[in-house]
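Taking it in order: structure first as C-alpha cells, then the write-up.
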Amino acid sequence: MRRALLALLLLLLARPDGSVPAAGAEARGRPVWPVPPAPEPWRARREEPPLSIDLTFHLLRHLLLLARAQSQRARADANRRILDAVGR
C-alpha cells in the first residue's frame with residue numbers, strides 16, 4: 001500500500017520531461033503543487049432574469065405533489081373503511 005501511494009505521489013510530482021523535482025534548496029522557494037487561479041468574483045448563475053416557464057413548472061410540480069398526497073390520503077381512508085367493515 002505504501003509503495004502504491006509513493007508511486008502515485010511520484011507520478012503527480014513528475015514534470016512533463018519525466019524528471020522528478022528535487023527537494024533541495026532550489027525547490028524550497030516555490031510550491032510543489034500548482035497554485036490554482038484566483039476565483040472569479042461571485043455572479044449570478046444567469047445574467048438574464050428567470051423565465052416565467054420556470055415558475056410555471058415549479059407550480060406544476062408542487063400541484064402534482066399535493067395531488068399525490070391527497071390521493072394517498074383518500075386511498076388510506078377508503079382502505080380503513082373497508083377494513084373496519086370487514087372486521088380486520
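We did not get these values from a lab; they are worked out from the coordinates using the rules stated. The shown structure was predicted, so the numbers you read here are calculated from the model rather than taken from an experiment. With ideal geometry, Cβ positions are generated from the backbone for all residues, glycine too; neighbour counts draw on all protein chains shown.
Data table
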| item | result |
| --- | --- |
| Computed label-point distance, nm, for sites L55 and A67 using a 7 Å Cα→Cβ extension | 2.2 |
| Contour minus Cα-Cα distance for I82 and L11 (0.36 nm per residue) | 18.6 nm |
